[in-house]
1. Need the C-alpha centroid separation for region 71-124 versus region 1-40, integer Å.
2. Per DSSP H run of n ≥ 4, the term is -39500 (n - 2.57); total these for the chain, divide by its residue number, and report the mean residue ellipticity at 222 nm rounded to 500 deg cm²/dmol.
3. Could I have the simple spin-label model distance between Val87 and Leu56, label points 7 Å from Cα toward Cβ, reported in nm to one decimal?
4. What angle, in degrees between 0 and 90 and rounded to the nearest 10, separates the Cα long axis of helix 104-122 from the longest principal axis of the Cα atoms of the chain?
5. Taking the Cβ of Pro71 as the center, what net charge do the other residues with Cβ under 15 Å away carry, scoring Lys and Arg +1 and Asp and Glu -1?
6. Once the other residues with Cβ under 14 Å from the Cβ of Pro4 are scored (Lys, Arg +1; Asp, Glu -1), what is the net sum?
7. Using the Kirkwood radius built from alpha carbon pairs, what does the Stokes-Einstein equation give as D for the chain at 4 °C and 1.567 mPa s, in µm² per second?
Amino acid sequence: MEFPINASPKILFPYLATASGLAQWFCDDVRYVEGQRLNFIWDQENHYAEISGQRLNRAVRFVFLDEHRQPTPDANFLEFTLDSSQVTDEVYLRVIDYSAANNLEEQQELWEGLVAKLREQVGG
């Protein structure tokens, strides 16, 4: 999914790649655990993920771990990428949500709501 956002990648990226930034719009809370691992908290449930790739002000990928905080084959992951149009100077947030979502319409609505919260945070 792609969403236009009226903010520069330098402003947006900390909201996508840091625990404090993600906690402001993405879930109830996010905490650094160790190294490149984070604990995403939704409805008082812990979901551990590892940052598997990051390009400053451009992209970040979180790969979710099992209940023992271990990587799994074909794991769920979440990737945020920022693209800029050189013609229109617009910034787009591309979201890849690789998970076991059954209802694509619900997933689209969820992301539209989350990105609306992100826009409120960054003023875009």
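Please treat every number below as a calculation from the coordinates, not as lab data. Bear in mind that the values here come from a model prediction, so they are computed numbers and not experimental data. Note that we place each Cβ from the backbone using ideal geometry, even for glycine, and neighbour counts take in every protein chain shown.
1. Region 71-124 and region 1-40 have Cα centres spaced 11 Å from each other.
2. Calculated at 222 nm, the ellipticity per residue is -8000 deg cm²/dmol.
3. 3.1
4. 60
5. Around Pro71, the surrounding residues sum to -2.
6. Once all neighbours under 14 Å are counted, the net charge is -3.
7. 86
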